[in-house]
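The structure under discussion appears below in the form of structure tokens.
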């Protein structure tokens, strides 16, 4: 395996760094300081995504036949990493999960309208999977879609639905056959965000993640908005989650946080006059984070190469997601130990590390162990699919 970038990939990285630095002005950073749930932030987010689309960057890893640049997954990963490092908000799940699923299972009309809208930065999706009584065991979902002629009538609730404020559609998993085994009675519908009968309530979290509780009360959805066959949605859901898990675990954000903390600790003085960074426990924390970041980068490179070869295994995607998400928690804890209270000062405070961002990162880190499937379930998948062990009793 080639573990270094080619000259062309290095040129792409440098081009993206310059491009993203132009996008992320102080005004943009200020608008996005508290996440995407307030109107100002949502408008800024959509404007950035629209610019990325207009400049041709959203389809960097998509095949040319559906409007993309036809680059490799490694180059898509470079785009994801550089965007994460620069704090550029991107429609990560739309690009890496929903779009490819539409390309694989959608009708020609879906491809013609939705894929073009995604690439142009005009169409945004929220993911409607988890429910109040169905999250870890997603196949037990209860939101019903009953067919009446050329429409489905949807009733039920979804929970922890992300990016609702910016969404045009909800990528919704529903039960279309309650009599079938639970994995076999699921379908996927594209539900317009503002369809009559949809209501949502924003849920506040410790970090910057914007999530909502969403209710569906006799929401009518055209049968034409179904992706894939009726009762065949489980394959879409699991395939989408595998690609989502690969996209979730970029090391770039941690790398940036480490660099900033190293710079802060190098300048910070102890009561005795020495440098904070010269204390053995501080160096041990920083070294451990650095070593684990390098391993995560290696793991991501391996997964990207596997995707390009068409050899991505679900157990490998789950393993990367578990390691990357738990490293995010672990690294933020170790870095927070180094900075102490300075890592939790409010943005704008004179001695705030990462302008208050380290505290937000630490608060947001734990949700990564749930996004894309709880890590406990991922370990079961690794055991069953990767090691050939029997299913654990429940």
Exercise. Under the rule of -39500 (n - 2.57) per DSSP H run of 4 or more residues, summed and divided by the residues of the chain, what mean residue ellipticity at 222 nm is obtained, to the nearest 500 deg cm²/dmol?
Worked result: -14000 deg cm²/dmol
Problem set entry | Packing-based exposure ordering (other Cβ within 10 Å, fewest first) of 187, 4 | 4, 187
Exercise. How high is the relative contact order of the range 7-90, in percent, with contacts defined as C-alpha pairs under 8 Å that are six or more residues apart?
Worked result: 33
For this session: Could you grab the relative contact order for the range 249-387? Cα pairs under 8 Å, six or more apart, rounded to a whole percent.
Result: 27
For this session: Jot down the per residue volume, in cubic angstrom and as a whole number, of the convex hull over the alpha-carbon atoms of the range 303-394.
Result: 125
Exercise. How do 52, 345 line up, fewest other C-beta atoms within 10 Å first?
Worked result: 345, 52
Problem set entry | Rounded, prolate or oblate (a/c below 1.5 giving rounded, otherwise prolate when a/b exceeds b/c) for the range 126-228 by Cα gyration tensor | oblate
Problem set entry | Nearest 10 degrees, 0 to 90: helix 280-309 Cα axis against the chain principal axis | 40
Seminar exercise, completed: If 360, 297 are placed from fewest to most neighbouring beta carbons inside 10 Å, the sequence is 297, 360
For this session: Mind pulling the angle between the C-alpha long axis of helix 233-248 and the longest principal axis of the chain? Nearest 10 degrees, somewhere in 0 to 90.
Result: 10
Problem set entry | Overall form of the range 1-121 per C-alpha gyration tensor (a/c, 1.5; a/b vs b/c) | oblate
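What does the highest-first list of 164-170, 53-59 look like by mean Cβ count within 10 Å?
The peptides rank, most packed first, as 164-170, 53-59.
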For this session: Give the shape of the range 217-337 as rounded, prolate or oblate, defined through the alpha-carbon gyration tensor: a ≥ b ≥ c are the square roots of its eigenvalues, a/c under 1.5 means rounded, and otherwise the shape is prolate if a/b is larger than b/c and oblate if not.
Result: prolate
Exercise. Which angle from 0 to 90°, rounded to the nearest 10, does the C-alpha axis of helix 252-267 make with the longest principal axis of the chain?
Worked result: 20
For this session: With mean projected area of the Cα convex hull in nm² in mind, check (1) 23.3; (2) 20.7; (3) 28.1 and report the label derived from this structure.
Result: (2)
Problem set entry | Relative contact order %, the chain, counting alpha carbon pairs below 8 Å whose residues are six or more apart | 13
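Where a number appears in this text, it was derived from the coordinates with a stated rule and is not lab data. The model shown is predicted, which means the values in this text are computed figures rather than measured ones. Cβ sites come from the backbone with ideal geometry, for glycine too, and all protein chains shown count toward neighbours.
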